[in-house]
Structure formats: structure tokens, C-alpha cells
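The values are calculated or read from the model by the stated rules, or taken from the named source; none is laboratory data. Keep in mind that this is a model prediction, so the values were computed, not measured. Cβ coordinates were reconstructed from backbone atoms using ideal geometry, including for glycine residues, and neighbour counts include every protein chain displayed. Each accessible area value is taken on the protein alone, full model and side chains, heavy atoms only, with ligands, DNA and RNA left out. Shrake-Rupley method; radii C 1.70, N 1.55, O 1.52, S 1.80 Å.
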Amino acid sequence: MRPSPIVLMFATLSLVPAAQAAEDPGKALVDKHCQRCHDNSIFTRSDSIIHAYSELQARVEFCDNAAQAHMSEAQIRQVIEYLNDTYYKFPKP
């Protein structure tokens, strides 16, 4: 017996969030490491101390050390890219 189209549709839709998370490892890292200390509102506050891509990079490196997250260089780059693409929108060097 073949599954109905509706069953297939719901099965496919249930995989979408997992696929999206797999596509953006930076978000998964932010959720795992950054949100231990603060929520996402820090990225959108009006009195941000981050005003350039280089400052974002320095802050992510600082936070990695302060939180003792021990992220690799590749993971730090993923976090920077995710934060910049999602919140900051700075020109990339």
C-alpha cells in the first residue's frame, strides 16, 4: 500500500526545520554557545558596541574566550557570518 499524498506532504514538512538548521551551522552555534549568556536582543539593541565587521569578529572571539566555548576558527567564522547576515549586515572585508 502506498502512502497518500497528504501523508507524504506532512512527512516532508516535518523535515524542513531540521534541514534549515543543518544548512546554517552558525545559528546552531549561536543557539548553543551565545545564548548561555544572553538572548538575541543583544544583536538588535540601539546602543550596540558593534559598528563594523572587524568589531563583530573581535567580539565573537572575545565571547568565545570569555564563555570558554572553545570553538574552532571555522566555527567562529560561521558564527560571525550568521550574525552578520542575520543582524548586522556589515560589508564583508
Inset, instruction - Could you figure out which of (1) in a helix (DSSP H, G or I); (2) touching a residue at least 12 places away in the same chain (Cβ under 8 Å) isn't true of residue 42? - result: (2)
Inset, instruction - For the stretch 68-84, name all the residues that are open to solvent by 30 Å² or more (accessible area, probe 1.4 Å) and either in contact (Cβ under 8 Å) with a residue 40 or more places away in the chain or not in a helix (DSSP H, G or I) (or both). - result: 68, 70, 72, 75, 78, 81
Legend entry - All positions within the stretch 38-57 that are farther than 18 Å from residue 24 by Cβ and surrounded by 13 or more Cβ atoms within 10 Å (Cβ to Cβ): 42, 48, 50, 53, 55, 57
Inset, instruction - Give the stretch 49-64 a look and list any residue that's part of a helix (DSSP H, G or I), touching a residue at least 24 places away in the same chain (Cβ under 8 Å) and not polar (S, T, N, Q), or say none. - result: 53, 56, 63, 64
